[in-house]
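One structure is given here, and the rest of the page talks about it.
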Amino acid sequence: STLTSRTGRSWGSPEHSLSYIMKKGVCMSAQIIDGKAIAQEVQREVASDVAHLKAEHNLVPGLATVLVGDNPASQTYVRMKRRRCAEVGIHSVGVELPADASQEEVEAQVRALNRDPAIHGILVQLPLPKHLDEEAVLSAIDLHKDVDGFHPINIGRLAMKGRTPLFAPATPAGIIELLDRTGIPIEGQEAVVLGRSNIVGLPVSMLLLKRNATVTICHSRTRDLPEVVRRADILIAAVGRTEMVRGNWVKPGAVVIDVGINRVDDPSAKRGYRLVGDVAFDEVKEVAGWITPVPGGVGPMTIAMLLRNTVTAATRSVEASS
Ligand code: NDP
């Protein structure tokens with residue numbers, strides 16, 4: 001049968017369907033999952049929701065970013081998030097605290113944002129400097145403004161059967177969105193997640209489980225890793241190890257989602273480095289059915305889902321006050 005995404009987009013002939021590729025089990029170059037295009041689609045929907053909130057309720061969704069210290073990667077991420085907010089009409093406020101800010105100062109800042117009616121979402125950029133208690137900071141965020149979905153109660157709800165978090169973390173939610181909009185079925189599939197971090201591996205495993213995949217979570221102590229990975233119909237690689245997943249680790253026809261963002265020295269590149277994933281793309285694309293590139297796969301989806309969570313928070317604030 002033809003694969004049709006939730007948005008009604010069709011992916012053509014039966015030859016392109018997952019089961020066909022899997023049954024054939026032959027080498028054919030994987031289809032690319034274009035995260036950039038899908039993220040733009042999500043972003044257009046978000047922009048339209050923002051316009052609607054403005055027109056119908058005179059409400060502008062607001063996102064506050066909290067950045068502690070001067071980690072260059074974190075500064076870049078916050079800048080990118082705020083730029084994308086501006087593109088869709090979300091008002092963003094950047095709170096910056098020095099690297100030696102105390103636990104009390106950071107939590108007081110979060111509580112002030114909790115009280116601010118113009119702010120619907122609060123994002124504390126991780127990692128925090130080592131002297132700060134990350135869990136306590138994340139726990140201080142108002143559950144209804146926890147657009148990153150890292151509040152322990154939201155994670156708890158994500159983990160429990162029959163419960164739903166107010167917000168799912170952005171990168172994991174973006175991965176599910178990529179699968180859904182590409183028309184890739186999740187239910188009943190063998191999903192293997194490489195990595196068990198709080199921000200990617202663990203929550204994406206829980207989202208896949210909620211969607212009735214059979215989920216295996218791998219980590220640094222997993223025995224016979226390539227053997228386990230070869231079971232995957234859907235493989236999520238989130239290890240932070242340059243091109244660790246090789247072509248012969250992947251079952252023919254599998255769907256490979258590469259979350260990794262690793263810097264590799266490259267004197268010919270403008271910045272002196274380029275970004276590569278946790279998957280050896282050139283090898284794996286000869287075996288997989290579908291694959292995300294790095295960059296241009298999961299990365300753009302992460303911010304798109306954050307924007308969407310912020311608009312969801314703003315919409316709920318209207319519903320709560322009416
Ligand atoms: P962490 O370092 O927090 O977690 C890495 C995980 O991989 C751990 O669970 C670790 O196991 C496991 N691991 C590490 N080495 C191995 C190994 N040799 N074999 C098996 N498992 C291993 O990373 P994150 O989850 O934060 O990020 C993962 C990658 O995703 C990074 O490259 C990061 O840059 C990227 N990323 C991308 C985002 C995006 O928007 N595209 C967003 C967030 C992250 P153990 O638990 O045993 O230590």
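Worth a mention:
- Taken about its Cα centre, region 135-196 carries a charge dipole of about 140 debye when Lys and Arg each add +1 at the Cβ and Asp and Glu each add -1 at the Cβ.
- Within the accessible area of region 203-250 (1.4 Å probe), percent carbon and sulfur: 45
- The 3J(HN,Hα) values that the Karplus relation (6.51, -1.76, 1.60; θ = phi - 60°) gives for region 180-189 are, in residue order, 4, 6, 8, x, 8, x, 10, 4, x, 7 Hz. Gly and Pro appear as x.
- Placing unit charges on the Cβ atoms only, positive for Lys and Arg and negative for Asp and Glu, gives the chain a dipole magnitude near 620 debye about its Cα centre.
- Taken about its Cα centre, region 193-302 carries a charge dipole of about 340 debye when Lys and Arg each add +1 at the Cβ and Asp and Glu each add -1 at the Cβ.
- Ligands, DNA and RNA are left out, and with a 1.4 angstrom probe the accessible area of the chain is 47 Å² per residue.
- Listed residue (A254, H57, V192) projecting farthest to the positive dipole end of the chain, Cβ model: A254
- Whole-angstrom gap from region 31-81 to region 267-322, using each part's C-alpha centre: 12
- Close lysine pairs were tallied over the chain: pairs 8 or more places apart or on different chains with Cα atoms under 25 Å apart number 18.
- Ordering 237-243, 204-210, 87-93 by mean Cβ neighbour count within 10 Å, with the highest value first, yields 204-210, 237-243, 87-93.
- With the charge dipole of region 119-253 set up from +1 on Lys and Arg Cβ and -1 on Asp and Glu Cβ about the Cα centre, the Cα lying farthest toward the positive end among the listed residues T216, L178, G240 is that of T216.
- Within the chain, percent of DSSP bridges classed antiparallel, to nearest 5: 15
- Tensor-based shape of region 201-322 (alpha-carbon gyration tensor, a/c under 1.5 rounded, otherwise prolate or oblate): oblate
- Phi-derived couplings, Karplus 6.51 cos²θ - 1.76 cosθ + 1.60 at θ = phi - 60°, listed residue by residue for region 275-290: 9, 10, x, 8, 10, 6, 3, 4, 6, 5, 5, 6, 10, 6, x, 9 Hz, with x used for Gly and Pro.
- V276 sits among other residues whose Cβ lies under 15 Å from its own Cβ, and their net charge, with Lys and Arg +1 and Asp and Glu -1, is -1.
The values are calculated or read from the model by the stated rules, or taken from the named source; none is laboratory data. Not measured: the values here are computed from a predicted model. Cβ: placed from backbone, ideal geometry, glycine included. Neighbour counts: every protein chain shown. Heavy atoms of the whole protein, side chains included, go into the accessibility calculation; ligands, DNA and RNA do not. Shrake-Rupley method; radii C 1.70, N 1.55, O 1.52, S 1.80 Å.
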